[in-house]
Every structure is written in C-alpha cells, then in structure tokens.
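The values are calculated or read from the model by the stated rules, or taken from the named source; none is laboratory data. Quick caveat, the model's predicted, so the values are computed rather than measured. Glycine also receives a Cβ, built like all others from the backbone with ideal geometry; neighbour counts cover every protein chain displayed.
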Amino acid sequence: MNRNEFKRRRKQLMRMMGENSIAILPSSPEQVRNRDVLYNYRPDSDFYYLTGFPEPEAVAVLIPGREQAEYILFCRERDEKKERWHGSRAGQDGATERYGADDSFPVTDLNDILPRMLEQCERVFYAMGCNPDLDRRLSGWINDIRSHSGSDVRGPIKFLALDHYLHDFRLYKSSAEVKMMRQAAEISSAAHRRVMQSCRPGLMEYELEAAVIHECAMRGAREQAYPPIVGTGGNSCVLHYMENNDKLADGDLLLIDAGCELNYYASDITRTIPVNGIFSKPQRQLYELVLNAQYAAIAAVKPGNNWNDPHEAAVRSITIGLVELGILKGDVDTLIKDGDYKRFYMHRTGHWIGMDVHDVGDYKIDGKWRLLEPGMVLTIEPGLYIPAKSKKVAKKWWDIGIRIEDDLLVTKDGHEVLSKGAPKTVAEIEAEMASAKT
Ligand code: GLY
Ligand code: MN
Ligand code: MN
C-alpha cells in the first residue's frame, strides 16, 4: 500500500476530530505461543490502517493543528544487538523518513511525553478496553493532570470512541484496498482450484489444507485470514470444524472454507465438492438448492438495498427448495416466520470483510439495517447442514453439509464478485476435478 494512502487516512481522521483533540492508538502486543516462542506478529488492523507501521510496541498519536508535529509515532529504538538476533527496527529515523511520522520518540519515553501532549487537549479519541495496560496508564495521566490544583491547565474533558469512527472509515474501501482484496480473492480462488484438482478418496483432510496454504504462499500470501476449515462427510456439518484430520471417503462431499490474507487484507471463500469428482443425485439436488439461494442473495447486493435483503432472499430461496424436496413441510411464509429453516440453515448469509475477515462496521444504524453503498465489501455464504440421524429427514440427505461463499464488492451499478475465479456450478466443479485426471 502506498504511503500516501496512510497519510490520506490520517488526514481524514484529523479532519473529523478537529482541533484541541488527540487520538491515541497503540499497536497490539506480541502473543506468546509457548514458552519463548511467539506467534507471527500481526499488528492490530486499526493501528495498521492509520500507520502502515508493522512493528510491535508502538503507539500512534494524532494532534490535528499542532504546530510542531501532528502525527507522532512512539516506537522501539534501534538496537544493534537485538536487531542482529531478531531483525531490523525502523527506529525514530525510520518512523519519520519511511513511515511519514512528523516526529518520533522511543516508546519507553511515553510516560514522560504523552501526558504533556494530553494536557493541551480537550477531547481524547481512544478505544477503551482494547489495551488494559495503556487504559491504566491513560487514566493515571488524566488523574495527574486533574490534580494539578491551581494550574491553568484544564486537560481533557471528553472521551470519544476512536474505534467507532475508524470502523466507519474502514467500511468504505478505497480503490487501492479493492485492488488488494481482488488480488487476495484471486489467490484464494487459485487455491480452491488446486484443491479441486488434488482431491481424491483416501487423502487426509490436512493434505488439502496443506495444498491451500502452499498455493497461497507460493503466490505471495503467506498468511491465511483464518484457519482453513476442511471437512468431509459429517464434518461438513460442523460450521467451524478445524481438526482437518479425517480421511476422505469415496461418495462423500468435502466442504472447504479457506482464504488467504494478502498485505493485511482478507479473503474468505467456501466451496463444496464431491470427493470422487462427481456429485451424487441427492448431493447435486441440495448443492443446486444452496447455489440458487446464493444467486438470489447475490442479486440483492446493490446500492439502496439494505444489509438484510441478501439474507432474506437466501432464506426464502432455501425454504422454498427444502419444501420442494420434502425436507420441510408446510407453508413457505409460515416456515420462514417461525424460523423452521434454522434447523438446517442456522447462520447468517454474510459479514463485512476487509482487513479483518469478520470486518468492522455497523450492520444497523439507529436500529435499522444499514443500506449497501459502493465501496463496501461483504461475503455471501448461504449453507445447508443435515447431520446423520436428523429426525424426520430421509437417510439419503444425511451427512451433507454445503456452504458456498464468495466475496462481493458493492459497486455503483450492483456488485462485483471478487472470488469469481473459484469454480462454482456443478458443471464447473466436475470439469475442474476431471481436468486433473486426464
Ligand atoms: N470463514 C469464516 C466465515 O466464513 O465467516
Ligand atoms: Mn465468511
Ligand atoms: Mn468462510
């Protein structure tokens, strides 16, 4: 992402904050995996969104209109010995020269410097509750400022939820962000094609997980946006199945929900395929039922429609399909009203997606479903799950779990399916799977 993109975001936030304000935004702490081994570091999305700064132990401070410096980045100091062991650090010079900070100080000086900045401001934009250590320090500084009896320093009088404002900005993707998300979805689509080509009875679920991760990494996306779900047979009916250690059996379906993260942007794609390359008749009937529901939901993704319109379209389509197949019995409107479809379709049809796979942004405004607008990106992912021994359901439908998930950008005229490179119709999937066998 270009440096100007981060600058533009900071300017947008500072314009909204106005003068006499300060925003304080820490990066996320490093996490221990076990003993002295850490998880790969990934900065908090809000922090990275504003700074593009990839290191831990950093705090960004924005003070609109401040003469000496509006954007101050507290970060680790250079340290030759530590850098030899753990890799390079930007240090204060790097923070200003490479990351666009107007000024930078060692993060160890935060206690000395930040209270002096705070006491000049009336409004503090801060996400309370996300970083207990900084929460505590901040309230200590504020108490100190307030106890300066007799001084003319007034100090902050109002706290505002920084995350709320940032999350609204993040909901509307810029063209650079859309480009990145399109690329992430293309890489994940290639990974799903690779799964279709590799899949055969006798493989282990984790072998396909490995194929996904390998394909994404070889294309430059070294992180997954979430742990891949690779579930065959009855496992496909467990929504967040992640054990991925069963053997693929001839005649079963395989549900694979996997998407890479590329340069901090997520993709999230699910495909459901027949392990042996050919859908059986009941599998195809249910697959096409879900696919029709997905098409109905996708058609409802356009500006002016509200967040819930695609979900309502999917629910109606699934309920009609289940009645046609005799899996649900009764009047469609009543079944929808009473929520009977939830026995087989128990999740919602999608979520915002962006830097986080379940991205930020409100779904309702003043109690009403939000309207879709160009630049928003969401998933559409209806599903149907019929575990074995489902009561009053014919045996031929058992152990079938199907989800079909794509990533969509809302455009001026409707939508763009970012993940269109992953085969989806019965004919496309069977052809992709057959292509590897010839
Ligand atoms: N992969 C998680 C989800 O689809 O929401
Ligand atoms: Mn999803
Ligand atoms: Mn998913």
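What do you reckon, is F105 more than 30 Å from I353 (Cα to Cα), of a type in the set (A, V, I, L, M, F, W, C) and assigned to a strand (DSSP E or B)? Outline the logic, then answer.
Details: more than 30 Å from I353 (Cα to Cα): yes; of a type in the set (A, V, I, L, M, F, W, C): yes; assigned to a strand (DSSP E or B): yes.
Spelling it out, F105 is indeed more than 30 Å from I353 (Cα to Cα), of a type in the set (A, V, I, L, M, F, W, C) and assigned to a strand (DSSP E or B).
Could you please give the count of residues in the stretch 141-165 that are in a helix (DSSP H, G or I) and modelled with pLDDT of 95 or more?
Within the stretch 141-165, the subset in a helix (DSSP H, G or I) is 141-146, 162-165.
Then drop every residue that is not modelled with pLDDT of 95 or more, which leaves 162-165.
Within the stretch 141-165, residues that are in a helix (DSSP H, G or I) and modelled with pLDDT of 95 or more number 4.
Answer yes or no as to whether L378 is within 15 Å of the chain's Cα centre (by Cα), in contact (Cβ under 8 Å) with a residue 60 or more places away in the chain and crowded, with 22+ Cβ neighbours inside 10 Å.
Numbers: within 15 Å of the chain's Cα centre (by Cα): yes; in contact (Cβ under 8 Å) with a residue 60 or more places away in the chain: yes; crowded, with 22+ Cβ neighbours inside 10 Å: yes.
In short, yes.
Residues of the stretch 410-438 being surrounded by 21 or more Cβ atoms within 10 Å (Cβ to Cβ) and among the aliphatic types (A, V, I, L, M), which ones?
Within the stretch 410-438, V410, L418, A422, I429, M433 meet the criteria.
Just to be sure I understand, how many residues within the stretch 364-385 are among the aliphatic types (A, V, I, L, M) and closer than 19 Å to V230 by Cβ? Even if it seems obvious, please write down each step before you answer.
Residues of the stretch 364-385 among the aliphatic types (A, V, I, L, M): 365, 371-372, 376-378, 380, 384.
Then drop every residue that is not closer than 19 Å to V230 by Cβ, which leaves 384.
Number of matching residues: 1.
Restricting to the stretch 421-438, name every residue that is among the hydrophobic types (A, V, I, L, M, F, W, C) and modelled with pLDDT of 95 or more.
To start, the set of residues in the stretch 421-438 that are among the hydrophobic types (A, V, I, L, M, F, W, C) comprises 422, 426-427, 429, 431, 433-434, 436.
Listed by number, the residues that qualify are A422, V426, A427, I429, A431, M433, A434.
Of the residues I318, I365, I353, which is at pLDDT 95 or above, out of contact with any Gly (no Cβ under 8 Å at 6 or more places or on another chain) and farther than 22 Å from K424 by Cα? Outline the logic, then answer.
Working: I318 fails: farther than 22 Å from K424 by Cα; I353 fails: farther than 22 Å from K424 by Cα.
The conditions single out I365.
A293 fails exactly one of the following numbered conditions: (1) of a type in the set (G, A, S); (2) part of a loop (DSSP other than H, G, I, E, B); (3) touching a Lys or Arg at 6+ places or on another chain (Cβ under 9 Å). What is the number of that condition?
Here A293 clears every test but (2).
Give T349, T411 a once-over and let me know the one that is of a type in the set (S, T, N, Q) and within 19 Å of the chain's Cα centre (by Cα). Working first, answer last.
On the way: T411 fails: within 19 Å of the chain's Cα centre (by Cα).
T349 is the lone residue from the list that is of a type in the set (S, T, N, Q) and within 19 Å of the chain's Cα centre (by Cα).
Residues being out of contact with any strand residue (DSSP E or B) (no Cβ under 8 Å at 6 or more places or on another chain) and outside any strand (DSSP E or B): count how many of those fall in the stretch 341-386.
So in the stretch 341-386, the residues out of contact with any strand residue (DSSP E or B) (no Cβ under 8 Å at 6 or more places or on another chain) come out as 341-343, 348, 362, 364-367.
Next, from what is left, pick out any that are outside any strand (DSSP E or B): 341-343, 348, 362, 366-367.
Total satisfying the criteria: 7.
Among (1) surrounded by 18 or more Cβ atoms within 10 Å (Cβ to Cβ); (2) touching an Asp or Glu at 6+ places or on another chain (Cβ under 6 Å); (3) over 25 Å from A299 (Cα atoms), where does A388 come up short?
A388 satisfies all of (1) surrounded by 18 or more Cβ atoms within 10 Å (Cβ to Cβ); (2) touching an Asp or Glu at 6+ places or on another chain (Cβ under 6 Å); (3) over 25 Å from A299 (Cα atoms) except (1).
Report yes if some residue within the stretch 311-325 is among the β-branched types (V, I, T), assigned to a loop (DSSP other than H, G, I, E, B) and away from ligand 2 (no atom under 14 Å from the Cβ); otherwise report no. Outline the logic, then answer.
Initially, the stretch 311-325 is screened for residues among the β-branched types (V, I, T), giving 315, 318-320, 323.
Checking the rest, the ones that are also assigned to a loop (DSSP other than H, G, I, E, B) come to none.
Within the stretch 311-325, none of the residues are among the β-branched types (V, I, T), assigned to a loop (DSSP other than H, G, I, E, B) and away from ligand 2 (no atom under 14 Å from the Cβ).
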